[in-house]
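Undergrad: Before I ask anything, let me first share the structure, which is written out below as structure tokens.
The values are calculated or read from the model by the stated rules, or taken from the named source; none is laboratory data. Not measured: the values here are computed from a predicted model. Ideal geometry is used to build each Cβ from the backbone, glycine not excepted, and the neighbour counts take in all protein chains shown.
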Amino acid sequence: MILQSTEIEKSNAGKQAKHKALFEFAKNEIPNAEEIIKRLIDFQVAIPSWALGTGGTRFGRFPGGGEPGSLEQKIEDVGLLHKLNNSSGAISLHIPWDIPTSPKDIQELAAQHGLAFDAVNSNTFQDQAGQVLSYKFGSLQNVNKAIRKQAIEHNIEVIKHGVDLGSKSLTVWLSDGSCFPGQLNFRKAFENTLESLQEIYATLPEDWKMFVEYKAFEPNFYSMTVGDWGQSYLYTSKLGPKAYTLVDLGHHLPNANIEQIVSLLMMEGKLGGFHFNDSKYGDDDLTVGSINPYQLFLIFNELVQGTQPGNAPFEAGSGFGWMIDASHNVKDPLEDLLQAVEAILISYAQSLLVDAKALEEARENNDVVKAQEILQGAYRTDVRTLVSESRLRTGAAIDPLDVFRSLKIREKLIAERGTNSIATGL
Ligand SMILES: [Mn+2]
């Protein structure tokens, strides 16, 4: 379905008076409000194709109906989100779930919705129908050279699909690892993986990046061959300048200091991008900001500080890959994505409030209390009106979630696609 601008304008008109009063108040409180709004307008986060359907657990899946049953419908759904919030201007595809029959038609459709193609994702964590060799014991790490070759060729094919669509990066997440002590020779697994990644890297187009995503555990529970940021960094630094580490917020052990990881990867110029989500235990796929919004703010604070001029070698504006990576069980996926983008924008805006000079002074003086006050002062500032104002100025909704519900968008999608439509890949 196509959402008309007039429908959004109508909703905004009803909310304008209250919004205006709140915004005037916020402007007095926040001296750099205009600068923040400008940066919020520019900020885009990619939506992964697999977040558009209901996720599941290994126990069950409870879809709510109206899920996009084709790549075209997935693009339409992201188009809806982008129309509502003007901050979801890219889609990230998963191959082979999202292979386009006609890349040209798909590109045209995406352009109609104002969408670009973000990173393409390879999949060697499951066997596809008709696949000759199995990834049961790993893909790029596998002791069997023919299996490694099959996985390498798959990644090269994914790059080709990405080139056809105008994507500029490949994300490699490997489920490779082992479940029991003794199962794997760690060194050989690393060396095989590196050699395989090198072969893929060699085929990257000149202006492409490769993101190597790590994960602490699952599906393997004894060792993961790209298990943490240190291992990912080892691969990406050996691979070369087009390889970067990708941080997925849910891929750490509980209590990991992710903001510190971000800071050091930026220092080394090796931070490639993010997969936003939240977790209480591990890879829980919960909505970003739903469990620990303060951590999200602290991460954004490092990102903003790290992109200030003078903090070489990270080049400001060289383009991180920002993406949501969540797909859970109980919410409407589109409502969830609206909440996720909102949480990201709020944290970003709050981090732009931090007085970096005063913070550094406090640090130099070992004034721990002052340093904490500066950060928490920014975190406790209500910036929601600035986020709404940034949307209003670009013709998006003051309150996207309210528009989604009052226009009964899910009901319309169910009427259009049926209750049994299931997003491909889920
Ligand atoms: Mn991820």
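Undergrad: State the number of residues belonging to the range 137-173 that are away from the ligand (no atom under 16 Å from the Cβ) and either on the phi > 0 side of the Ramachandran plot or of a type in the set (G, A, S) (or both).
TA: 7
Undergrad: What pairs can you find where one residue is in the range 228-239 and under 10 Å from F190 (Cβ atoms) and without any contact (Cβ under 8 Å) to a residue 24 or more places away in the chain, the other is surrounded by 21 or more Cβ atoms within 10 Å (Cβ to Cβ) and among the hydroxyl-bearing types (S, T, Y), and their Cβ atoms are less than 8 Å apart, with a gap of 6+ or different chains?
TA: The qualifying pairs do not exist here.
Undergrad: Among (1) within 16 Å of the ligand (Cβ to nearest atom); (2) surrounded by 21 or more Cβ atoms within 10 Å (Cβ to Cβ); (3) within 19 Å of S347 (Cα to Cα), which single condition is V226 missing?
TA: Looking at each condition in turn, V226 falls short on (3).
Undergrad: Of everything in the range 87-130, what is under 17 Å from the mean Cα position of the chain (by Cα) and small (G, A, S)? Give them in sequence order.
TA: Answer for the range 87-130, where residues must be under 17 Å from the mean Cα position of the chain (by Cα) and small (G, A, S): S87, S88, G89, A90, S92, A116, A119, S122.
Undergrad: Looking only at the range 251-265, filter to residues that are closer than 18 Å to G177 by Cα and surrounded by 13 or more Cβ atoms within 10 Å (Cβ to Cβ); which one of those is nearest to the ligand (Cβ to nearest atom)?
TA: H251
Undergrad: List the residue pairs whose Cβ atoms are under 8 Å apart, where the first residue sits in the range 154-171 and is closer than 11 Å to W208 by Cα and in contact (Cβ under 8 Å) with a residue 40 or more places away in the chain, the second is aromatic (F, W, Y) and away from the ligand (no atom under 16 Å from the Cβ), and the two are 6 or more positions apart or on different chains.
TA: I159/W208; G162/F117; G162/W208; G166/F117; S167/F117; K168/W208; S169/W208; L170/W208
Undergrad: Here is a list of conditions, (1) modelled with pLDDT of 95 or more; (2) closer than 24 Å to D325 by Cβ; (3) among the aromatic types (F, W, Y), and F137 meets all of them except one; can you say which number that is?
TA: Tallying (1) modelled with pLDDT of 95 or more; (2) closer than 24 Å to D325 by Cβ; (3) among the aromatic types (F, W, Y), F137 fails exactly one: (2).
Undergrad: If you take the residues of the range 266-275 that are closer than 19 Å to W173 by Cβ and in contact with a helix residue (DSSP H, G or I) (Cβ under 6 Å, 6 or more places away or on another chain), which of them is farthest from the ligand (Cβ to nearest atom)?
TA: K270
Undergrad: For S290, indicate whether it is outside any loop (DSSP other than H, G, I, E, B), away from the ligand (no atom under 16 Å from the Cβ), surrounded by fewer than 22 Cβ atoms within 10 Å (Cβ to Cβ) and among the small types (G, A, S).
TA: Considered against the rule, which asks whether it is outside any loop (DSSP other than H, G, I, E, B), away from the ligand (no atom under 16 Å from the Cβ), surrounded by fewer than 22 Cβ atoms within 10 Å (Cβ to Cβ) and among the small types (G, A, S), S290 comes out as no.
Undergrad: Residues in the range 334-356: is at least one over 30 Å from I422 (Cα atoms), out of contact with any strand residue (DSSP E or B) (no Cβ under 6 Å at 6 or more places or on another chain), surrounded by fewer than 18 Cβ atoms within 10 Å (Cβ to Cβ) and of a type in the set (D, E, K, R)?
TA: The answer is yes; a qualifying residue exists.
Undergrad: Condition test on G65, is it in contact with a Ser or Thr (Cβ under 6 Å, 6 or more places away or on another chain) and at pLDDT below 95?
TA: When the stated conditions are applied, G65 passes them.
Undergrad: Which residue pairs have Cβ atoms closer than 6 Å, lie 6 or more positions apart in sequence or on different chains, and pair a first residue in the range 184-213 that is within 16 Å of the ligand (Cβ to nearest atom) with a second residue that is of a type in the set (A, V, I, L, M, F, W, C) and not in a loop (DSSP other than H, G, I, E, B)?
TA: These pairs meet every condition: M210/L170; M210/A243; F211/L246; V212/V172; E213/W173; E213/L246.
Undergrad: Now a separate question. Consider S237 against the criteria (1) within 20 Å of F274 (Cα to Cα); (2) touching a helix residue (DSSP H, G or I) at 6+ places or on another chain (Cβ under 7 Å); (3) more than 16 Å from the ligand (Cβ to nearest atom): it satisfies all of them except one. Which criterion is unmet?
TA: (2)
Undergrad: In this structure, is G55 closer than 24 Å to K408 by Cα, in contact (Cβ under 8 Å) with a residue 12 or more places away in the chain, in a helix (DSSP H, G or I) and among the small types (G, A, S)?
TA: no
Undergrad: What residue, among those in the range 5-52 that are outside any helix (DSSP H, G or I) and in contact with a Gly (Cβ under 8 Å, 6 or more places away or on another chain), is farthest from T287 (Cα to Cα)?
TA: Selected residue: Q44.
Undergrad: Within the range 142-186, track down each residue that is over 18 Å from H94 (Cβ atoms), within 24 Å of the chain's Cα centre (by Cα) and loosely packed, with under 15 Cβ neighbours inside 10 Å.
TA: none
Undergrad: For the range 332-371, give me each residue that is among the acidic types (D, E), touching a residue at least 40 places away in the same chain (Cβ under 8 Å) and in a helix (DSSP H, G or I).
TA: E335, D336, E342, listed by residue number.
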